[in-house]
1. Loop-only check: which trypsin sites (Lys or Arg not before Pro) in segment A:99-198 are DSSP coil with at most 16 other Cβ within 10 angstrom?
2. Assuming 0.36 nm per residue, please report the length gained on full extension of the stretch A:ASP184 to A:LEU2 beyond their Cα-Cα distance.
3. Report, in deg cm²/dmol and to the nearest 500, the calculated mean residue ellipticity at 222 nm for chain A, where each DSSP H run with n ≥ 4 adds -39500 (n - 2.57) and the sum is divided by the residue count.
4. Which of the peptides A:352-364, A:58-70, A:328-340, A:3-15 is most tightly packed, and how do the rest follow, going by the mean number of other Cβ atoms within 10 Å of each residue?
5. Springs between alpha-carbon pairs under 10 angstrom, Gaussian network model over chain A: which of A:LEU163, A:LEU308, A:LEU327 fluctuates most?
6. Taking 8 Å as the Cα distance limit and 6 or more residues as the minimum spacing, I'd like the relative contact order of segment A:286-341 as a percentage.
7. Which order do the peptides A:194-201, B:152-159, A:258-265, B:132-139 come out in when sorted by mean C-beta neighbours inside 10 angstrom, highest first?
8. Students often get this wrong: which residues of segment A:1-21 have the backbone nitrogen under 12 Å from the point 7 angstrom along Cα-to-C-beta of A:GLU144?
Amino acid sequence: MLRLPSTPRRHWQKQARDFGFHFHTLYGEPYWDESAYYQFSLKQIEQDLEAPTEEIHQMCLHVVNEVINDEQLLTKLAIPEQHWDLVSHSWRQQQPSLYSRLDFVYDGTHPAKLLENNADTPTSLYESGFWQWLWLADKVDSGELSRQADQFNSLQEKLIARLKEIARFYGVQQMHFACCKDTDEDRGTVQYLQDCAGEAGLSADFVYIEDIGISDTGYFTDLSNRPITDCFKLYPWEFILNEEFARYLPEAAVNWIEPPWKSILSNKGLLPLLWKYFPDHPNLLPAYFYGEAASASTEVLRWIKKPLFSREGANISMLAAGSETPLSDGPYGEEGFIIQAYCPLPRFGDNHTLIGSWLVDDQAAGISVREDASSITQDTSRYLPHIIL
Amino acid sequence: MTTLKRSQFINLSRMRKHFALKPLAVAVTGLIVSGCGNRQEGQIFTSVDDCKRDFPDATQQCEMAYQHAVQEAARTSPRYNSEYDCEYEFGPNQCQRVERDGGSFFMPFMAGFMVSQLMSPRYYSQPIYTSFSRHSPFRSRWITADGYVFDGGLNKRKYRVSPDVYKPKPTVNRTMNRGGFGSSVRAKSSWGSSSRKGGWGG
């Protein structure tokens, strides 16, 4: 695993305009960064990332099955009681999942350690599945990179195939795609999935989350008053389940992507449960519910305390020698916390590097590499392409 | 090379977004490509006479369908600040200057109109464009006002614009209420986040 400098393609910003990649720069800061790339060996990809990703996914499904059948655990994960049926029904029906992203601490040598599972609303999908693919194609075409250079990135192919399967599962040819207003990044991610759905032969309609309506007959509607029957939503289940229209969920009978059972996986409570069922697994970090058995492990000196629900590394603090140091603030935490053994991101130069490992359904489908100025939080990260050579 | 770890093929024309130069405004005409179900055969005509030749018994409907498309074009056509930008996308002499509401902009000429169910009282039509610009991915293709590109070249005039649906959609008479989702995002956003990202993905 190497970080190698590279000359940005001269035409990339025009290309970004042509392809509608509007969030390569966020709030005046570069987000897409092709001034360098990461190089992995095939062995690193296949043994250290691909195989553990698929294995951890199976372990996660095991956790879901345990939680679904245990009211205490459902309570602990702050899943609202009135929606337990919705969640467990979606699991028993085996409602299909589209995708997830596992975040790993990985330095090329030691086993990758799971930081968290973004199972419900992962982003950076477009940059991963399409944009870095295009970067590699250009770099190879121009002769700057060897024809042998490959990339761990079959995301787009797999997303298209999976959307086809999901449409077949529900017997539909049309789906809605939804995200919140005022975010180019989320809109871009959802547009990408609409494009993939188009390639899969589906007709893909868009609606903003805030614009969803409820009809006289109890169905959700888009702005043209058409019923929403099958919907991809880039909006977290923990929000949906606590909002006004949640009471219509059972009757509206939408086939959601991701399905409601994903609310168990996107919950940080997943981490202590994984550690409980699979203790000392080489790809896991010790983790506990905050306040429970926190002192059980004396080998760990420093812990990271995270809210059950949080985004972008908000509301995180470090626990060491009995004292708590806040590392980031934010609006989360009322539902409770977990602690996870501190495992710093590896450094390449001044950059702290985080590996996102993608799953489409249960298949590992590629990685994304993000760099940050900080070793823990990830709110100023930049996205860098990678190759296998 | 043996097995690739990356996607073998990506359809770049699908990924290319609407217009190489972003129009000032793109209205959603929608119906043809985004309608849920009820898709019909759609046919492109390059003139009213073209339509009348195919439907000698429906010359009046041809006129109405054409007029409707012209009105839609005025409303939904892509708009550009400059003639250069418009011609860059659509080709030389393919754009007109429009003055409206005290301002002006450029939009491409309609190249034709697409009609579905001409013989039905609920017929529907929309403006269709094409590009003569060598810069444009739409060169020699039919496209809608919102940038949907039809398969095939300009000779192909008939499209199955909607496959049959497998299952009927539930009935909706009217929407009673909107805005019941999204309150959490408002609540969390009002907290002045240090995070520069606005999205709710992770």
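1. Those that pass, being in a loop and sparsely packed, are A:ARG147, A:LYS181.
2. Full-extension gain reported as 62.4 nm.
3. Counting only the DSSP helices, I get -7500 deg cm²/dmol.
4. Highest-to-lowest ranking by the protection proxy: A:352-364, A:328-340, A:58-70, A:3-15.
5. Among A:LEU163, A:LEU308, A:LEU327, the largest GNM mean-square fluctuation belongs to A:LEU327.
6. 45
7. Highest to lowest by the protection proxy: A:258-265, A:194-201, B:132-139, B:152-159.
8. Backbone N within reach: A:5-13.
Where a number appears in this text, it was derived from the coordinates with a stated rule and is not lab data. Computed from a predicted model, the values in this text were never measured in an experiment. Every residue, glycine among them, receives a Cβ derived from its backbone with ideal geometry; neighbour counts consider all protein chains shown.
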